[in-house]
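The structure under discussion appears below in the form of structure tokens.
The values are calculated or read from the model by the stated rules, or taken from the named source; none is laboratory data. Computed from a prediction, not measured in an experiment: that's the story for all the values here. Backbone-built Cβ (ideal geometry, glycine too); neighbour counts: all protein chains shown.
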Amino acid sequence: MADQPTRGLADVVAASTALSDVDGQAGRLFYRGYDIHDIAGRTSFEECAHLLQRGALPDRAELDTFAAELADARSIGATAELLIPHVAQSGTPMEALRTLVSALSVDDVDAADGSTEGTRRKALRLVAQTPVLIAKYQAVRTGRSLPDPDPMLGVAGNFLLQITGNPPSERSAQILDECLVLHADHTMNASTFAARVCAATLSDIHSAVVAAIGTLRGPLHGGANEAVMRMLQEIEASGADVGDDVRSRLGRGEKIMGFGHRVYKVEDPRATHLRAMSRELADTTGKRSAYEMSRAMELVVLEEKGLYPNVDFFAASVYHQLGIPIDLFTPVFAISRMSGWTSHVLEQQLDNRLIRPDSEYIGERDQKWVPIEER
């Protein structure tokens, strides 16, 4: 009998990539050879997107040009504009994002251009347009006007401006910017694999990233950060002790979201940065509840289960303290990961082969057809 297939393709190498690498035993993450600890907090999201999409960290002139191209690419086109009021009326944020990103292709001037250069231009526009789609959706569903982007702010700062309606502090913009860098890419995760499978058919980049968004919407991939924040709020509202509550949940066999990782056997390096930012925001604002509860929960889960926090856990309290609504946490992840998804589509195009794994048939054999009257 043939060897049993690996469930979930665990440890199966599905592609070669020069974009990111993970050392799960040592807890290290690299973007094109740069350790995340070396670039997080030092490299802007715009620089990170340039690194992933264009292959190198930009010099000052290249960064200025890239940032200007992103600013010029914010316009989302008539079709998506027309759909926003409809999806904002009843669609969840991830449903809206999936639909609106698909609609972007209708008005994209390079929609029919499948060349590397045409795809690269669409990739840049998708990075620029994704935060605008989410901000416009939020403005419509809350019934307020959308502030014009500030030319002095980057992707992170303008997103906070347009989501909250208030100019962010310099440090708040820097913190969200660092979050976007931390989430930009992470090897062959489920949504990235979905994007590459779609791109390998020579479908367009909008279809590929819609496949990624649809995959991210699944609760086993995206949404853990939202679940973490809702659990923190539930515990706080109940007045229970965090440690007692978590132990009780674990005793009932409940999964505590935001802990453990398929790849990392030690602490997720991204969680190290997010924990520090959560603590800094708590110290700055004086609103320490979310951070302190998170820390208490972290210690209990480590003691009881031996599990470390992953990227989603402290992202929840960071986003919350930045004033981002809970149901926008996963779309914020998509803002960042759009830089990675689009880069993987570009990489797939450079050396493409249809991704078509085999499967093992486990159903009945030698069945005999009989007429319907005899069944």
- Message: Going residue by residue through the range 352-371, is there one that turns out to be outside the structural domain of GLU178 (by TED's automatic domain parsing), assigned to a helix (DSSP H, G or I) and at pLDDT 95 or above?
- Response: no
- Item | Single unsatisfied condition, THR342 versus (1) β-branched (Val, Ile, Thr); (2) part of a helix (DSSP H, G or I); (3) more than 25 Å from GLN162 (Cα to Cα) | (3)
- Query: Which condition number in (1) under 21 Å from the mean Cα position of the chain (by Cα); (2) at pLDDT 95 or above is the one that GLY91 fails?
  - Reply: (2)
- Item | Qualifying residue in the range 253-271 (condition: surrounded by 17 or more Cβ atoms within 10 Å (Cβ to Cβ), under 19 Å from MET293 (Cβ atoms) and at pLDDT 95 or above) | yes
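Which of the helices (runs of 4 or more DSSP H) contained wholly in the range 224-307 include at least 3 residues that are under 21 Å from the mean Cα position of the chain (by Cα)?
Numbers: elements: 224-238, 242-251, 269-285, 289-305.
In the range 224-307, 224-238, 269-285 are the helices (runs of 4 or more DSSP H) which contain 3 or more residues that are under 21 Å from the mean Cα position of the chain (by Cα).
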- Query: Only one of (1) touching a residue at least 40 places away in the same chain (Cβ under 8 Å); (2) over 22 Å from ASP177 (Cβ atoms); (3) surrounded by 21 or more Cβ atoms within 10 Å (Cβ to Cβ) is not met by LEU126, so which one is it?
  - Reply: (2)
- Message: Against the conditions (1) farther than 15 Å from ALA14 by Cβ; (2) surrounded by fewer than 24 Cβ atoms within 10 Å (Cβ to Cβ), where does VAL228 fall short? Just the number, please.
- Response: (2)
- Task: Working only within the range 332-375, note down all residues that are free of Cβ contacts under 8 Å to residues at least 60 places away in the same chain and polar (S, T, N, Q).
- Result: GLN367
- Task: Out of LEU220, LEU216, LEU202, report the one residue that is of a type outside the set (Val, Ile, Thr) and without any contact (Cβ under 8 Å) to a residue 60 or more places away in the chain.
- Result: LEU220
- Query: Which residues, counting only those in the range 18-37, are assigned to a loop (DSSP other than H, G, I, E, B) and among the small types (Gly, Ala, Ser)?
  - Reply: ALA18, GLY24, ALA26, GLY27, GLY33
- Message: Of the conditions (1) more than 29 Å from ASN189 (Cβ to Cβ); (2) of a type in the set (A, V, I, L, M, F, W, C); (3) in contact (Cβ under 8 Å) with a residue 24 or more places away in the chain, VAL266 satisfies every one except a single condition; which number is it?
- Response: (1)
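Regarding GLU117, is this residue loosely packed, with under 15 Cβ neighbours inside 10 Å and at pLDDT 95 or above? Walk me through it before giving the result.
Details: loosely packed, with under 15 Cβ neighbours inside 10 Å: yes; at pLDDT 95 or above: yes.
For GLU117, the condition - loosely packed, with under 15 Cβ neighbours inside 10 Å and at pLDDT 95 or above - is met.
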- Query: Looking at (1) more than 21 Å from ASN158 (Cβ to Cβ); (2) without any contact (Cβ under 8 Å) to a residue 12 or more places away in the chain, can you tell me which one ALA56 breaks?
  - Reply: (2)
- Consider PRO147 against the criteria (1) assigned to a helix (DSSP H, G or I); (2) within 29 Å of GLU280 (Cα to Cα): it satisfies all of them except one. Which criterion is unmet? (1)
